[in-house]
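Report on the structure given below.
The values are calculated or read from the model by the stated rules, or taken from the named source; none is laboratory data. Keep in mind it's a predicted model, so treat the numbers as computed, not measured. A quick note on method: Cβ atoms are made from the backbone with ideal geometry, for glycine too, and the neighbour counts reach across all protein chains shown. Heads up: the accessible areas ignore ligands, DNA and RNA and are worked out on the full protein's heavy atoms, side chains in. Shrake-Rupley method; radii C 1.70, N 1.55, O 1.52, S 1.80 Å.
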Amino acid sequence: MTISETITIPQVPFGSIGVSVTRVGLGGEGVLRTHGREEEARSVIEKALDLGIGYYDTAPAYSGSENYLGSVWKSGYFDRNSIFQTSKSASRDYDGAMRDLRETLSKLGTDHLDLWQIHDVRTMGDFAEISGPGGALQAFIEAKESGLVRHIGVTGHHDPEVLTKCVEEWPLDSVLLPVNPVEGILGGFLTKTLPAAKSKGMAVIAMKVLGGGHYLVPEQNLTAPIYLRYALSQPVDVVIVGCSTPAEVEELALAAHSFVPMSREDQQALLEGFRPHARSLAFYRGR
């Protein structure tokens, strides 16, 4: 019996929009955020499919990620209805966002996205440009109305105040935000943005779970399963992680299969080790 036959990944509601997704998803980074490593990327994607992972993250900004996924999807290796394919656009204007969407659909070899996300909103200036006349927000709304995308969302990891404003004021279905022990200490994304999203029935997707790998210190028992369990213990719908090998994909799937919530005491013990260095460890906030 193979590991693929013994692992079951739970399906959970994706916010209140009436669809379900797997509890964990394959992030668009790791080996997918490269060029020229087709065989390695394919082995990671196919392992995720074999293990029953149904949520796939990508973005035009992630090097060859969209092309890697598209090469697998176009090969007929999978049933399109069995996956939840997401992508993003970092364009701030209508025309740029629509151009990104056309190119994304072409690279992925699909006629729609299950989720299209306004990517990496950092400043109030970004918010104003995206929301204003000729801004990208209108492209996202129109794409959803036309059926090119089924749901729309926003992503951010720089400023929780900015991301919270997006969640509160834009007509979105989801938010992608950082979830890790550093965020448990600093607050903002987990204490403001996440509750704001939940109050609107939005789905919450966790990223930066391993701090880009910087938080892994095996000799101190700070391993991927610990961080995955911490993230899964928060009130999020999906946890995504970029993987570089099939073994890492197995670790991600196993975390969902065997998940037992981390006690509040164990969470606090984990946070204490990060507390003295939390601000410097939040490198993705751009500080």
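Being touching a Cys at 6+ places or on another chain (Cβ under 8 Å), in contact (Cβ under 8 Å) with a residue 40 or more places away in the chain and under 24 Å from SER174 (Cβ atoms) holds for only one residue in LEU26, LEU101, LEU51, and it is LEU26.
Modelled with pLDDT of 95 or more, among the small types (Gly, Ala, Ser), assigned to a strand (DSSP E or B) and touching a Ser or Thr at 6+ places or on another chain (Cβ under 7 Å): is that true of SER63 in this structure? Answer is no for this residue. Across region 51-68, which residue is nearest to ARG99 (Cα to Cα) among those that are aliphatic (A, V, I, L, M) and in contact with a Gly (Cβ under 8 Å, 6 or more places away or on another chain)? Within region 51-68, the match that is nearest to ARG99 (Cα to Cα) is ALA59. Assess whether VAL162 counts as being modelled with pLDDT of 95 or more, open to solvent by less than 30 Å² (accessible area, probe 1.4 Å) and under 19 Å from SER91 (Cβ atoms). For VAL162, the condition - modelled with pLDDT of 95 or more, open to solvent by less than 30 Å² (accessible area, probe 1.4 Å) and under 19 Å from SER91 (Cβ atoms) - is met.
In summary, strands (runs of 3 or more DSSP E) completely within region 1-54 and bearing 1 or more residues that are within 13 Å of LEU252 (Cβ to Cβ) occur at 20-22, 24-26. Can you confirm whether region 78-96 contains a residue that is part of a loop (DSSP other than H, G, I, E, B) and surrounded by fewer than 18 Cβ atoms within 10 Å (Cβ to Cβ)? Yes, some residue in region 78-96 is part of a loop (DSSP other than H, G, I, E, B) and surrounded by fewer than 18 Cβ atoms within 10 Å (Cβ to Cβ). Looking only at region 171-197, residues that are more than 24 Å from ALA143 (Cα to Cα), not in a strand (DSSP E or B) and not acidic (Asp, Glu) come to 17 in all.
Residues in region 3-51 that are small (Gly, Ala, Ser) and touching a strand residue (DSSP E or B) at 6+ places or on another chain (Cβ under 7 Å) were compared, and the one that is most open to solvent (accessible area, probe 1.4 Å) is SER20. Which one is surrounded by the fewest Cβ atoms within 10 Å (Cβ to Cβ) among residues in region 115-129 that are free of Cβ contacts under 8 Å to residues at least 60 places away in the same chain and within 17 Å of the chain's Cα centre (by Cα)? Out of the qualifying residues, it is ASP120. Restricting region 254-268 to residues that are in contact with a Ser or Thr (Cβ under 7 Å, 6 or more places away or on another chain) and in a loop (DSSP other than H, G, I, E, B) leaves a set whose member that is least open to solvent (accessible area, probe 1.4 Å) is MET262. Scanning region 199-253 for residues that are of a type in the set (A, V, I, L, M), closer than 14 Å to VAL182 by Cβ and exposed (fewer than 14 other Cβ atoms within 10 Å of the Cβ) yields one hit, VAL217.
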